[in-house]
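To start, the structure under review is shown below, and the notes come after it.
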Amino acid sequence: MTDSPFLMEQDDEVEVPSPSKKYQTEKLELFQNKIESSFSSMQTSFEYLMKTINKNPDRIVFDAENIIVLGNLATYSVPVESIMSRLKNPFAGGSGLQSTRTTKKGQLKGKETSICIQPDYSNVSDLPGCDVLDSYFLMLLNDDKFIHQPAHGPLRRAMLQLYGLCVSPASAALKKWIETSTAAVLKAEESAAEIKGTNGWRWKVSDVNPLVHGFTIWFKKKNQRDWTKVVEDSSNFEYNYHYDDVLSILELLADSPRVLIHDEMYASDEYFIRAVAKHHVPVARRLANEDAERAVS
């Protein structure tokens, strides 16, 4: 049996451990070197982190408990203690970065949402903690760039929850996202999105009314000039949790009124079906037939 601790230099050889003093001493030295190397990497990454913070004194600021990053689209509050607990003991508290409280650009109070995004590294678990933190701060500082990248759907959804459909620092990015992922057209100046449905219908969704918890929905039939309001508040839907964001509403409308006439009831929402039935005979006929079947069953 050999005492050498490094028998993996050739691909077809496997290291054979040994209780010998030489083997154990060499393995200990190797372990020590790896720890010292990680300390050196941590120091370098810490210097880069401080460089980022010092280069952005007006955009990375501190309050009593948070590091506040002033992005181009929104304001992000990162709890200092959660960062320090991960840096002091990476084995505690699970993995990855915790969600960050997000408020409108230039504000710390008012409407807020949370965002959980991770730096764009496939080997993030191998990076020093300060490297990850530095990357995270740079992403938040440049949120208007990262929001367009395919991996950052959580950032896009957070901005949609925060600002809705109205004109905002994020409206240009949201317009691009909505119009490339759906057949809708975002009209931020109206706080609305329009989409073509079936049977010659066109739909409009809006979140402009602050007294409405969900979305207001209008339609136009073929050759109809003015919009007709069909739903005042989509939060009244029977299954409103299925339609709590504009993308799910637009998906439903893109297949309406066809889906309300031909598909199973669960394919849309009975509240919506009955609202549209007041304006469309085929949907009303379907409801009448189903109500009659239930009455005799």
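The values are calculated or read from the model by the stated rules, or taken from the named source; none is laboratory data. This one's a predicted model, so the numbers in the text were calculated from it and none came from an experiment. Glycine also receives a Cβ, built like all others from the backbone with ideal geometry; neighbour counts cover every protein chain displayed.
In region 208-215, is there at least one residue being among the aliphatic types (A, V, I, L, M) and farther than 23 Å from residue 172 by Cβ? There is at least one residue in region 208-215 that is among the aliphatic types (A, V, I, L, M) and farther than 23 Å from residue 172 by Cβ. Per the conditions (1) without any contact (Cβ under 8 Å) to a residue 24 or more places away in the chain; (2) of a type outside the set (Asp, Glu); (3) assigned to a loop (DSSP other than H, G, I, E, B), the sole criterion not satisfied by residue 208 is (1).
Screening 183, 288, 254, 275 for residues that are touching a helix residue (DSSP H, G or I) at 6+ places or on another chain (Cβ under 8 Å) and either crowded, with 18+ Cβ neighbours inside 10 Å or among the hydrophobic types (A, V, I, L, M, F, W, C) (or both) leaves exactly one candidate, 183. Taking every residue in region 248-273 that is in contact (Cβ under 8 Å) with a residue 60 or more places away in the chain and pairing it with any residue that is among the β-branched types (Val, Ile, Thr) and surrounded by fewer than 17 Cβ atoms within 10 Å (Cβ to Cβ), at least 6 positions away or on another chain, the pairs with Cβ-Cβ distances below 7 Å are 257/198; 258/198. Among the residues of region 134-164, those that are without any contact (Cβ under 8 Å) to a residue 60 or more places away in the chain and basic (Lys, Arg) comprise 145, 156.
Residues 127, 133, 141: which one is at pLDDT 95 or above and buried (at least 16 other Cβ atoms within 10 Å of the Cβ)? Just one listed residue meets the conditions, 141. When you look at residue 110, is it touching a Lys or Arg at 6+ places or on another chain (Cβ under 7 Å) and either part of a strand (DSSP E or B) or surrounded by fewer than 18 Cβ atoms within 10 Å (Cβ to Cβ) (or both), yes or no? Answer is yes for this residue. Within region 170-196, restricting attention to residues that are among the small types (Gly, Ala, Ser) and touching a residue at least 60 places away in the same chain (Cβ under 8 Å), the residue that is nearest to residue 146 (Cα to Cα) is 173. Filtered by the rule that a residue be modelled with pLDDT of 95 or more, of a type in the set (Lys, Arg) and not in a strand (DSSP E or B), region 211-236 gives a lone residue, 221. Against the list (1) within 23 Å of residue 178 (Cα to Cα); (2) exposed (fewer than 15 other Cβ atoms within 10 Å of the Cβ); (3) over 30 Å from the mean Cα position of the chain (by Cα), the condition residue 227 fails is (2).
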